[in-house]
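These notes concern the structure reproduced below.
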Amino acid sequence: MSPLGVGISHSALTLQSGESKLWILLVGVNEYQDRGLPSLRYPALDCQGLGDALAKATQGFPNKEVIVHNDFAPQAPMLETVRGSVERLVTQARSQDTILLYFSGHGMLESRTQEAFLCLKDTNKNDLRGTGLGLQDLLQLLGSSRACQQLICLDTCHSGDMMLRGHHHSPAPRDGNITTAALNTTTQFMQVLRERASQSKGFCALLSCDQGQQSWEFPELGHGVFTYYLMRGLLGEAADERGLIEADGLYKYVYRHTLQYINNLNQQVRLINQQKRNRGDSQLYPEYPQQTPKRIVEGVGELILGYRSAIAKIEPQRQALVIDGLTTSTASPKITEILHGAGGFEVESFPDDGKNWSDVRAVIQRCLRWQGKPNTSSSYPAKDTPTTLLYLRGKIEEIEDGEAWLVLGDGVRLSRSWLRQELRRCSNAQQIMILDCPGATSLEDWLEDLRLGSQQGQCLIAAASPDEDPDFFAKVIFNTLSTANSHLELPIAAWVNQLQKPLQEKGIDVHVWLSGCQSVIDILPGNISHRPSNSVKTPVQEQPIKNTPVVKNKPEKLPDLNATRVNFCAIPQLQELGNIRRNNNFLIPNSEPYKQLQQILMQLAGPIAPTLLQRVLAKSETPTELVGNLASHLLPNQQANFQRQAMVILEPPMPKMKTPPPELLELDVVFIKKCERELIDLIGPIGGYLVERIMRSHPQILPTELVKRLADEIPDPKTAWEFQRRFPA
């Protein structure tokens with residue numbers, strides 16, 4: 001039942017009683033028949049997600065009708081189809097009814113008249129007047145409707161990708177003749193919408209961005225940022241004290257959170273750039289330009305869209321492991337509680353009753369290899385990228401052979417090389433690792449060795465409390481988290497700044513490594529529902545991992561990526577997956593290579609990747625066919641790089657040699673490690689696999705030839721040049 005009661009407006013009561021009707025038209029366009037119009041990643045998913053959110057918000061409104069046109073819907077977003085749906089709404093809506101129209105896709109200006117058009121699937125950019133939906137025409141149709149309350153939401157001026165403007169991975173339009181100015185329609189949209197608003201008290205328009213701005217899409221959100229917060233607002237976060245969700249409150253919520261998200265991301269970029277300066281690297285990441293949602297309305301009419309649903313939220317996908325190898329700190333249990341409560345993590349602590357220190361490696365592996373929980377309720381938008389946090393407290397030991405160890409309880413030791421390999425296997429989740437090592441002097445070396453590539457979302461934080469106060473760092477961690485507002489997000493970059501002040505006052509250096517400019521890493525996600533502090537549970541083990549004995553000097557080897565093959569998929573229709581064939585023996589679903597390919601596709605295609613992978617795997621007989629089919633569903637500027645990365649995983653393994661040839665032994669291992677480290681820094685974790693593959697196929701390769709072959713594997717010329725520059729002759 002609706003929570004509506006005292007003080008409810010007349011419009012809300014008429015919607016709840018069914019006396020008035022809510023008409024909803026949702027349109028989203030990913031792919032255009034005109035290849036000159038850049039493809040977009042998320043409008044269709046935006047459309048679906050917004051429809052689910054509206055269904056929740058309006059479940060107490062018995063009289064409503066929802067019409068959906070997107071790439072995945074039975075009725076595609078063609079011009080005549082959409083125009084027909086608009087005309088139906090206009091002619092059938094009564095005076096007491098409400099119309100909500102949402103469009104996600106490209107808007108474009110006609111070059112001669114500068115008239116604004118919405119681009120549908122069959123729009124031709126050279127004939128906008130004949131094939132596009134003119135905004136002026138749309139508003140004239142709505143103006144002829146008897147419905148006195150109308151809301152139009154436009155998520156246009158898309159960037160086309162989530163990469164930073166000016167970065168070498170930034171997308172280019174498919175047709176060089178189309179200009180950014182032609183796609184930036186906000187100024188004309190605002191002029192036309194203001195004219196319409198001045199004619200009606202009940203008209204309101206929400207735009208995804210202001211003049212001269214872009215509407216950003218982020219893979220971790222799985223949506224455009226504007227629509228992502230529209231969805232969350234409609235699911236109750238924008239409701240007022242009465243539980244009502246109305247247009248004014250929804251706009252204020254979306255405005256505030258869109259700006260906050262971009263600001264949090266830029267704060268992370270600034271910290272990463274500072275790291276680059278400290279390392280002498282002048283190639284800095286540009287910050288994301290602001291995206292400021294706009295509202296156009298005149299008058300004070302109340303436009304009700306729904307009310308807060310009683311449906312439970314989906315908690316963020318967050319896993320944490322707290323290991324206190326010194327077992328003397330009173331702060332460690334408190335850190336566990338705050339991470340589980342305000343942090344929203346499923347937390348496992350170690351040591352604990354019934355746990356032996358000999359099992360600690362298996363516990364760490366289970367945490368780092370956690371793949372996240374399946375989201376059984378797709379209607380609630382949560383960040384798609386899982387987050388894994390590992391807190392390690394122990395003593396550092398260095399030995400003569402150069403290996404470094406973290407000493408935990410019962411004398412159990414973890415080598416730095418073993419920990420590095422385990423972190424690299426965790427490729428699908430954001431990583432937060434905290435090293436609390438009293439008295440340590442080599443923490444900077446640990447961070448240098450444990451850091452991943454520049455594209456992987458990772459934050460490493462390390463500090464050494466003085467011997468006279470070994471719990472100081474742990475206390476600072478707890479104090480900064482416990483005093484934060486748990487209703488607001490606390491991004492990792494802001495938390496690092498909070499940690500630095502009390503530690504530096506104590507004369508303690510904070511060592512930080514932060515990477516990943518495409519998604520915000522949060523230590524506290526905000527808006528976490530209350531969770532009892534005594535309900536910390538050991539997470540369910542997704543896949544059994546054998547408890548291996550603790551070995552002092554044999555770090556585990558990275559998995560052979562060529563041992564099994566993988567594949568990706570296409571998206572004709574997503575309503576039913578159907579029966580997937582299992583007769584192709586070159587790829588095992590849920591195997592390590594399968595997950596690696598799925599992760600690569602997630603970065604390029606977004607949350608549709610798992611479904612795509614299943615579909616294409618069912619239809620592909622060979623690895624080559626699979627990679628080609630998958631590449632056809634990506635943007636042109638993504639295809640070559642994807643094919644290279646996919647074939648690295650799908651290539652059959654080279655025959656193993658019983659003993660390496662003398663030439664391979666002569667090649668400096670330090671040089672090989674440097675190649676791997678620099679390549680990972682430039683192109684991400686796939687760099688390590690490329691080095692391994694070339695060393696397998698060319699065991700007698702010379703250092704200069706190795707650098708050249710690795711550079712040839714990098715599709716971007718500037719990045720390839722930068723890689724070679726780091727290896728002067």
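Candidates are the residues of the range 387-441 that are more than 30 Å from Asp469 (Cβ to Cβ) and among the small types (Gly, Ala, Ser); the one that is surrounded by the most Cβ atoms within 10 Å (Cβ to Cβ) is Ala429. Looking only at the range 477-491, residues that are among the small types (Gly, Ala, Ser) and modelled with pLDDT under 85 come to 1 in all.
Gln92 satisfies every condition listed in (1) surrounded by fewer than 22 Cβ atoms within 10 Å (Cβ to Cβ); (2) polar (S, T, N, Q); (3) in contact with a Lys or Arg (Cβ under 6 Å, 6 or more places away or on another chain) except (3). Checking the conditions here, which among Gly243, Gly280 is among the small types (Gly, Ala, Ser) and surrounded by fewer than 18 Cβ atoms within 10 Å (Cβ to Cβ)? None of the others qualify; the one that does is Gly280.
Taking the numbered list (1) crowded, with 22+ Cβ neighbours inside 10 Å; (2) out of contact with any Ser or Thr (no Cβ under 9 Å at 6 or more places or on another chain) in turn, Leu207 passes all entries but (2). In summary, helices (runs of 4 or more DSSP H) completely within the range 181-279 and bearing 3 or more residues that are within 21 Å of the chain's Cα centre (by Cα) and not assigned by TED's automatic domain parsing to the domain that holds Gln431 occur at 225-232, 247-278. Assessment of the range 25-44 against the conditions (more than 26 Å from Leu109 (Cβ to Cβ), in contact with a helix residue (DSSP H, G or I) (Cβ under 7 Å, 6 or more places away or on another chain) and buried (at least 18 other Cβ atoms within 10 Å of the Cβ)) yields no matching residue. Among residues of the range 696-718 that are in the same structural domain as Val670 (by TED's automatic domain parsing), those with a beta-carbon under 7 Å from a residue that is of a type in the set (S, T, N, Q) at least six positions away or on a different chain give the pairs Val707/Gln724; Ala711/Gln724; Pro715/Asn641. For the range 8-38, a residue qualifies if it is assigned to a helix (DSSP H, G or I) and of a type in the set (Gly, Ala, Ser), and the qualifying residues are Ser11, Ala12, Ser17. Of all residues in the range 384-403, those being touching a Lys or Arg at 6+ places or on another chain (Cβ under 8 Å) and modelled with pLDDT under 90 number 2.
Going by the conditions given, is Met657 at pLDDT below 70 and more than 29 Å from Asp445 (Cα to Cα)? Yes, satisfied. Mind checking whether some residue in the range 620-635 is modelled with pLDDT under 70 and either at negative phi or out of contact with any His (no Cβ under 6 Å at 6 or more places or on another chain) (or both)? So far as the range 620-635 goes, yes, one or more of its residues are modelled with pLDDT under 70 and either at negative phi or out of contact with any His (no Cβ under 6 Å at 6 or more places or on another chain) (or both). The number of residues in the range 57-76 that are more than 24 Å from Asn30 (Cβ to Cβ) and within 29 Å of the chain's Cα centre (by Cα) comes to 2.
Can we say Glu592 is surrounded by fewer than 20 Cβ atoms within 10 Å (Cβ to Cβ), modelled with pLDDT under 75 and not basic (Lys, Arg)? Criteria met by Glu592. When restricted to residues that are in contact with a strand residue (DSSP E or B) (Cβ under 8 Å, 6 or more places away or on another chain) and either among the small types (Gly, Ala, Ser) or without any contact (Cβ under 8 Å) to a residue 12 or more places away in the chain (or both), the range 418-447 contains 4. Scoring Ala494 on the criteria (1) farther than 28 Å from Ser358 by Cα; (2) surrounded by fewer than 17 Cβ atoms within 10 Å (Cβ to Cβ); (3) not β-branched (Val, Ile, Thr) leaves a single failure, condition (2). Can you spot a residue in the range 706-716 that is modelled with pLDDT of 85 or more, buried (at least 20 other Cβ atoms within 10 Å of the Cβ) and either assigned to a helix (DSSP H, G or I) or aliphatic (A, V, I, L, M) (or both)? Among the residues of the range 706-716, at least one is modelled with pLDDT of 85 or more, buried (at least 20 other Cβ atoms within 10 Å of the Cβ) and either assigned to a helix (DSSP H, G or I) or aliphatic (A, V, I, L, M) (or both), which makes the answer yes. If you filter the range 318-369 down to residues that are out of contact with any helix residue (DSSP H, G or I) (no Cβ under 8 Å at 6 or more places or on another chain) and under 15 Å from Ile523 (Cα atoms), you find that the one that is surrounded by the fewest Cβ atoms within 10 Å (Cβ to Cβ) is Gly344.
Of the residues contained in the range 466-483, none is found to be of a type in the set (Gly, Ala, Ser), closer than 13 Å to Leu271 by Cβ and not assigned by TED's automatic domain parsing to the domain that holds Leu679. Conditions: (1) over 24 Å from Gln140 (Cβ atoms); (2) among the small types (Gly, Ala, Ser); (3) modelled with pLDDT of 90 or more. Ser17 meets all but one. Number of the miss? Here Ser17 clears every test but (3). In the range 65-147, counting only helices (runs of 4 or more DSSP H) that sit wholly within it, the ones holding 2 or more residues that are closer than 26 Å to Leu22 by Cα and not basic (Lys, Arg) span 79-92, 135-143. When you look at Val82, is it crowded, with 23+ Cβ neighbours inside 10 Å, assigned by TED's automatic domain parsing to the domain that holds Asp240 and of a type in the set (Val, Ile, Thr), yes or no? Spelling it out, Val82 is indeed crowded, with 23+ Cβ neighbours inside 10 Å, assigned by TED's automatic domain parsing to the domain that holds Asp240 and of a type in the set (Val, Ile, Thr).
The values are calculated or read from the model by the stated rules, or taken from the named source; none is laboratory data. It should be emphasised that the depicted structure is a prediction, and the values quoted were computed from it without experimental measurement. All Cβ positions, glycine included, derive from the backbone under ideal geometry; neighbour counts span all protein chains shown.
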